[in-house]
Amino acid sequence: MSVRPIHLLGSPVLRERAAEVEQVDADVRTLVQDLFDTMRADKGVGLAANQIGVARRVAVVDTNDGEPPVVLINATVLEREGRALQEEGCLSIPDVYADVQRAYRVVVETTTLAGGRERVEATELRARAILHELDHLDGVLFLDHVSPLKRRLLLNKWHRLRRGKPGLLKEVSAAAVEE
């Protein structure tokens, strides 16, 4: 198990478009496990590789809703259906939340850890989390989905919360995963 630091808003890697994964190998499988470990330790429902400083098209989602966790490697959205407005947050922007409109239902095609391709269908929170993480892999943050005025207010809040705190990394304790 390896819990990694999470990059915070302002870290350039969060605005990069992540590179495609050429081959699912031991490094990619380790990255996926580290993503799950870090996400769970920080009590999130999704995490993209660039949030831990790795600009590769890999993300994970686990909404703890009885559905199996999702591994997203080189994932593409095949279908979007419906619209739902719901509050979102982000492990890279702690304590900042906003209502974001996203598709209610989504179908994605992703590469599996075995190297094959599979379709994943999701609704509600699971669909929202998948779309949120895929946005991360394109350098898009949930703040980009709100009005300019709301974004400015949220960024002001972020800067107030960060005042006096150095760096763009958040250390995450592994204790939550071990419990």
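Remarks
- Overall Cα dimensions of the stretch 109-179 - principal axes, largest extent first, Å: 46, 37, 21
- Each residue of the stretch 122-130 was assigned a 3J(HN,Hα) from its phi angle through the Karplus expression (A = 6.51, B = -1.76, C = 1.60, θ = phi - 60°), giving 8, 10, 6, 4, 4, 5, 4, 5, 4 Hz with x at Gly and Pro.
- Hydrodynamic radius of the chain per Kirkwood, over alpha carbon pairs, in Å: 16.5
- Unit charges on C-beta of K, R, D, E only; dipole of the chain, Debye: 960
- Distance between the modelled labels on ARG151 and TYR97, one decimal in nanometres: 2.2 nm (7 Å Cα→Cβ projection).
- Size-normalised alpha-carbon gyration radius of the stretch 1-96, reference 2.2 N^0.38 Å: 1.09
- In a DSSP loop and with at most 13 other Cβ atoms within 10 Å, the trypsin sites (Lys or Arg not before Pro) in the stretch 1-51 are ARG17, LYS43.
- The stretch 72-155 - percent relative contact order, Cα under 8 Å, separation 6 or more: 27
- Modelled FRET efficiency - R0 30 Å, LEU78 with GLU16, Cβ distances, 0.05 increments: 0.80
- With every protein chain in place, the chain: carbon and sulfur % of accessible area (1.4 Å): 48
- Accessible surface computed residue by residue for the stretch 47-139, with neighbouring protein chains in place and a 1.4 Å probe, gives 41 Å² per residue.
The values are calculated or read from the model by the stated rules, or taken from the named source; none is laboratory data. This one's a predicted model, so the numbers in the text were calculated from it and none came from an experiment. Every residue, glycine as well, gets a Cβ built from its backbone with ideal geometry; the counts of neighbours run over all protein chains shown. Ligands, DNA and RNA are stripped out before the accessible areas are found, and what is left, the full protein with its side chains, is counted by its heavy atoms. Shrake-Rupley method; radii C 1.70, N 1.55, O 1.52, S 1.80 Å.
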